[in-house]
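This report concerns only the one structure given below.
The values are calculated or read from the model by the stated rules, or taken from the named source; none is laboratory data. Since the model is a prediction, treat every value here as computed from it, not as a measurement. Here the Cβ positions follow ideal geometry from the backbone for every residue, glycine too, while neighbour counts run over all protein chains shown.
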Amino acid sequence: MIDDLPVLRMMSLKLLYPIRVDSWSMALSVLGCTLLSMQLSFGESRLPAKDQQLARDIFHELIEIKTTHDIGTTKAAETMAGRLKAAGFPDADVQVLGPVPEKGNLVARIHGTGKMKPILFIAHLDVVEAKREDWTYDPFKFTEHEGYFYGRGTSDIKCEVADLVENFIRLKQEGFKPDRDFILALTADEESGGKHNGVDWLLKNHRAMVDADFCINTDAGGGEIKNGKRTANPVQTAEKVYLSFQLEVKNKGGHSSQPIKDNAIYHLAEGLSRLAKFDFPVKVNETSRAYFSRMSEIEKGDLAADMKAVSRQPPDVGAAARLCSTLPYYNALLRTTAVATQLSGGHAENALPQTAKAIVNCRILPEDSPDEIEATIKRVLADDQIKVSRVEPPIPSPSSPVDPKVFGPVEQITKEMWPGVIVFPVMSTGASDGIFFRRDGIRVYGVSGMFTDVEDVRAHGQNERMGVDSFYDGVEFMHRLMKVFATSD
């Protein structure tokens, strides 16, 4: 849910934007104390006790239903469907469906007055694999310990599945009737990127079930905790386009005892060396401009000044260069990237290579053309013997506008619950299920009221966890947000 590497970021900032050594020492010493006490510092949860219990029960149940790729999501989808029906949802408004029996998706609906177009709320049910021997606790048992819930999926993203299911039940029990339909979609295969991706399948086969004015993607949002304090609640409005190229050189080969300069591996290596030295140009879009502008209010000193300078029109070239060299995350926000990720060549140690191959993975800015990126890579490789082909066609993912009708309610509830926490748009350097909706013309906003420590990101890793208070507050945040969205236009 968070793209950057916080420890590397801290070290990089210390080197490029130096401050007094005693300030860094003090910050690091204070960090140890604040992390131990931060759960208490947030105070009592604002979520009513009965809703706390329901949310916890749902969360517990979800963690202990294993939904890794090899097992699938249908049991979890059917279990959540059962909870919704028991809460009063008619069978016609709760459906479990998918392309194969084990890849079930749940789609449910709260009917509104129809005054406005529906809003869709999504989260994925699947999780990555986890091995018991790697964890302190059983990853597929729900464990609460010292202010945290532990288990695979606690932060990515069964916390949000529980959040959405609890809130749909809560709204139904309140008899709440919004001015627009609320649609819930809990989906399969987000983590694997497989052919059974639930969002892609639903859009292609049951578009009417998930068609909406806009989508709230709880997997792409999430608040930030720094040094024990909630600082920001960003909203994802864009994500980069994924596109990999295969580079291949063919050669007649021969015996290694009689080498020649025309060597497939050398051709490929020299082309990759040229690509390694190349950077795509810096570009600042609506999302990244707003991101750096708001971040300049959080950061200090030269870093803050560079962020402010980049957010101007036109952006300051020198400031952009310093930011790009500070942290890979900032570099990825400001340009399309291309990096070699796989390499192979030759067929025998005593034979000249007949084939050499590499994979170059690109993460393309939403406004850049894949055709132009491909043409640029060929130009930089500068070798006609290197054949360039696309591994898979890219999925276009245009940015969602920074719409005040979406940002206004998010800022309102964030301010109510956490005064001083700022809201700003952000572009994901990776990808989420939002790309499929953006591809099909549905605006997507990554929103979540659940906060995690940027220095302790454990999604997909060992001992994954979610703060107890963060979870309960996130459920309450979503409830309040839904109430505002229900009547705002």
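Quick one: is Gly151 in contact (Cβ under 8 Å) with a residue 60 or more places away in the chain and on the phi > 0 side of the Ramachandran plot? Walk me through it before giving the result.
Numbers: in contact (Cβ under 8 Å) with a residue 60 or more places away in the chain: yes; on the phi > 0 side of the Ramachandran plot: yes.
Judged against the criteria, Gly151 is a match.
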*Of the numbered conditions (1) surrounded by fewer than 16 Cβ atoms within 10 Å (Cβ to Cβ); (2) in contact (Cβ under 8 Å) with a residue 12 or more places away in the chain, Leu275 satisfies every one except a single condition; which is it?*
(1)
*asked:* Exactly one condition in (1) part of a helix (DSSP H, G or I); (2) within 30 Å of Gln342 (Cα to Cα); (3) charged (D, E, K, R) is false for Asp279; which is it?
replied: (1)
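Is it the case, given these coordinates, that Asp440 is touching a residue at least 12 places away in the same chain (Cβ under 8 Å), farther than 21 Å from Ala162 by Cβ, out of contact with any Cys (no Cβ under 8 Å at 6 or more places or on another chain) and in the same structural domain as Thr68 (by TED's automatic domain parsing)?
Numbers: touching a residue at least 12 places away in the same chain (Cβ under 8 Å): yes; farther than 21 Å from Ala162 by Cβ: yes; out of contact with any Cys (no Cβ under 8 Å at 6 or more places or on another chain): yes; in the same structural domain as Thr68 (by TED's automatic domain parsing): yes.
Yes, satisfied.
When you go through Ala348, Ala375 one by one, which is the residue that is over 30 Å from Gln258 (Cβ atoms), surrounded by fewer than 17 Cβ atoms within 10 Å (Cβ to Cβ) and among the aliphatic types (A, V, I, L, M)? I'd like the intermediate steps shown before the answer.
Values: Ala348 fails: over 30 Å from Gln258 (Cβ atoms).
Answer to the check: Ala375.
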*Just to be sure, is Gln258 within 30 Å of Ile373 (Cα to Cα) and exposed (fewer than 15 other Cβ atoms within 10 Å of the Cβ)?*
no
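For (1) touching a residue at least 60 places away in the same chain (Cβ under 8 Å); (2) buried (at least 23 other Cβ atoms within 10 Å of the Cβ); (3) of a type in the set (A, V, I, L, M, F, W, C), each residue gets a yes or a no:
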{"position": "Asp383", "(1), (2), (3)": "yes, no, no"}
{"position": "Arg390", "(1), (2), (3)": "yes, no, no"}
{"position": "Val406", "(1), (2), (3)": "yes, yes, yes"}
{"position": "Glu411", "(1), (2), (3)": "no, no, no"}
{"position": "Thr429", "(1), (2), (3)": "yes, no, no"}
{"position": "Thr487", "(1), (2), (3)": "yes, no, no"}
*Restricted to segment 38-54, and to residues that are modelled with pLDDT of 95 or more and crowded, with 16+ Cβ neighbours inside 10 Å, which residue is nearest to Glu224 (Cα to Cα)?*
Gln52
*Scan segment 241-257 and give yes if some residue there is of a type in the set (Asp, Glu), more than 30 Å from Asp51 (Cα to Cα), modelled with pLDDT of 95 or more and in a helix (DSSP H, G or I), otherwise no.*
no
*Taking into account only those residues within segment 162-218 that are of a type in the set (D, E, K, R), outside any loop (DSSP other than H, G, I, E, B) and touching a residue at least 12 places away in the same chain (Cβ under 8 Å), which is nearest to Ser448 (Cα to Cα)?*
Asp163
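Can you go through Phe437, Phe477, Phe485 and tell me which one is modelled with pLDDT of 95 or more and within 21 Å of Arg363 (Cβ to Cβ)? Show your work before the answer.
Details: Phe477 fails: within 21 Å of Arg363 (Cβ to Cβ); Phe485 fails: within 21 Å of Arg363 (Cβ to Cβ).
None of the others qualify; the one that does is Phe437.
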*Could we say that Met80 is in the same structural domain as Lys177 (by TED's automatic domain parsing) and over 26 Å from the mean Cα position of the chain (by Cα) here?*
no
*Could you please find all residues in segment 291-314 being out of contact with any Leu (no Cβ under 8 Å at 6 or more places or on another chain), crowded, with 17+ Cβ neighbours inside 10 Å and over 20 Å from Ile225 (Cα atoms)?*
Lys308, Ala309, Ser311
*asked:* Checking the condition touching a strand residue (DSSP E or B) at 6+ places or on another chain (Cβ under 9 Å) and within 27 Å of Ser397 (Cα to Cα), which residue from Ile359, Ile260, Ile298 passes?
replied: Ile359
*Residue list for segment 45-55, filter: part of a helix (DSSP H, G or I), touching a residue at least 12 places away in the same chain (Cβ under 8 Å) and out of contact with any Ser or Thr (no Cβ under 8 Å at 6 or more places or on another chain)*: Asp51, Leu54, Ala55
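Residues in segment 291-316 that are of a type in the set (A, V, I, L, M) and modelled with pLDDT under 95: how many?
Taking segment 291-316 and keeping what is of a type in the set (A, V, I, L, M), we get 295, 298, 303-305, 307, 309-310.
So of that shortlist, the ones also modelled with pLDDT under 95 come out as 295, 298.
Summing the residues that are of a type in the set (A, V, I, L, M) and modelled with pLDDT under 95 in segment 291-316 gives 2.
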*Can you give me the number of residues within segment 123-159 that are surrounded by 22 or more Cβ atoms within 10 Å (Cβ to Cβ) and in a helix (DSSP H, G or I)?*
2
_Of the residues Ile65, Ile58, Ile71, only one is in a helix (DSSP H, G or I) and either without any contact (Cβ under 8 Å) to a residue 60 or more places away in the chain or in the same structural domain as Gly194 (by TED's automatic domain parsing) (or both); which?_
Ile58
